[in-house]
Amino acid sequence: MRRLGWCIAWILLLCSPLLVASDATETTPPGIGVGLFALRGLDARATALGGASVAAPEGPATGYYNPAGLMSLDGLSIGGLYCQPYGEAFGSTYQCAGVLGPLGVQTSSSTPWGAAVTWMESRIDEIQLWDEKGPAGVTEATGSVYLASVGFQVPGFDVLRFGASVKYYGARLLEGRGTGFGFDLAGIGTGHVGDVRLDFGLNLMDVGNTMVRWTSLSGETDNVIPMTVKVGVAAMPMAEVLVLSDIDWLIGRHARDQEVHFGFEFRPVQSLALRGGWTGTLERGGTFTLGVGVRVVGLLTLDYAYVPATVFGASHLLSATVDL
């Protein structure tokens, strides 16, 4: 219980000033849509869990969801995802790829580090342009994020893991080009209540806000990606069951519009994971999610997620990971 208390105190200490600051902000910074796709991440496992993954990240997108999870890697992994969210008719594509693995080995005086390189991209084709005379052609919009992440553990604090990511944003629209650099700070704390393991996760994304500067584009030339505080908990009441809950607190957004996520994972056998979840806001409601993970052969794992149609079409996501 004492270790659990350390974990809870650590989460509250880091989050409290940030949540107070968010309540003092009544308006959303300009350009909030720039790079905002990356807040949802691009991973079938996390999507099937309703987006709840900050306390128990896995797979090629670990560096995005919580780089502190990189400290737990056993070997090199390569994975990625390609999908057309909302259906083929919407004209949007998501892509993600990641390489992650451990650095060093465990010794009596040091702990290993983990590292990852992750790439995510969102693309919308055939955006209709209009002028005073009617249709004026089509264009496309592309947003990319490149992450370099590390995870580590401080010797003597075996219940705490820490991580950090440096991010490069790139965006393209018409003749304009946008670029910006940001960074994330993260941690995972582990405790127990009786026989139930609890992991508390925290990821401070785009600390201090990230500025994306545009060139060759009229109008607003500096856009802000606001800081987001991802906080979550994962409980393992038994070896086969994992229950997760997250909240994404975007600085500058009203409390009723903050996103919440719930997920459930059941492993009847080691090579099969059945998943479900819910994602949305308390004000507007949300939607359920479903998915499955299968270790096909010794090295290959496939993860699938389904998100039903809301405004647009349904989404089907398929991720593949190879463990070397």
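The values are calculated or read from the model by the stated rules, or taken from the named source; none is laboratory data. Only a predicted model underlies this, so the values are computations on that prediction, with no experimental measurement involved. For neighbour counting, all protein chains shown are included, and Cβ atoms are generated from backbone atoms with ideal geometry for every residue, glycine included.
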Within segment 257-284, how many residues turn out to be charged (D, E, K, R), modelled with pLDDT of 95 or more and either surrounded by fewer than 19 Cβ atoms within 10 Å (Cβ to Cβ) or over 22 Å from L317 (Cβ atoms) (or both)? 1
Considering only residues that are polar (S, T, N, Q) and touching a helix residue (DSSP H, G or I) at 6+ places or on another chain (Cβ under 6 Å), look in segment 268-324 and name the one that is farthest from M120 (Cα to Cα). T281
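Quick one: which residue in V243, V269, V297, V292 is aliphatic (A, V, I, L, M) and touching a residue at least 24 places away in the same chain (Cβ under 8 Å)? Spell out the reasoning first.
Numbers: V243 fails: touching a residue at least 24 places away in the same chain (Cβ under 8 Å); V269 fails: touching a residue at least 24 places away in the same chain (Cβ under 8 Å); V297 fails: touching a residue at least 24 places away in the same chain (Cβ under 8 Å).
From the options V243, V269, V297, V292, the qualifying one is V292.
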Please go through (1) at pLDDT 75 or above; (2) surrounded by 17 or more Cβ atoms within 10 Å (Cβ to Cβ); (3) in contact with a Leu (Cβ under 7 Å, 6 or more places away or on another chain) for A141 and return the number of the only condition it doesn't satisfy. (2)
Give me the residue from segment 220-256 that is more than 14 Å from the chain's Cα centre (by Cα) and among the β-branched types (V, I, T) and, out of that set, nearest to G276 (Cα to Cα). V243
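Which of the residues that make up segment 184-226 are among the hydrophobic types (A, V, I, L, M, F, W, C), touching a Pro at 6+ places or on another chain (Cβ under 7 Å) and modelled with pLDDT of 85 or more?
Let us first name the residues in segment 184-226 that are among the hydrophobic types (A, V, I, L, M, F, W, C), namely 185-186, 188, 193, 196, 198, 200, 202, 204-205, 207, 211-212, 214, 217, 224-225.
Checking which are touching a Pro at 6+ places or on another chain (Cβ under 7 Å) leaves us with 186, 196, 224.
Residues satisfying the conditions are A186, V196.
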Can you find a residue that is surrounded by fewer than 14 Cβ atoms within 10 Å (Cβ to Cβ) and small (G, A, S) anywhere in segment 220-238? no
Members of segment 59-98 found to be part of a loop (DSSP other than H, G, I, E, B) and either surrounded by fewer than 24 Cβ atoms within 10 Å (Cβ to Cβ) or among the small types (G, A, S) (or both), listed by number: G59, A61, L73, D74, G75, L76, Q84, P85, Y86, G87, G91
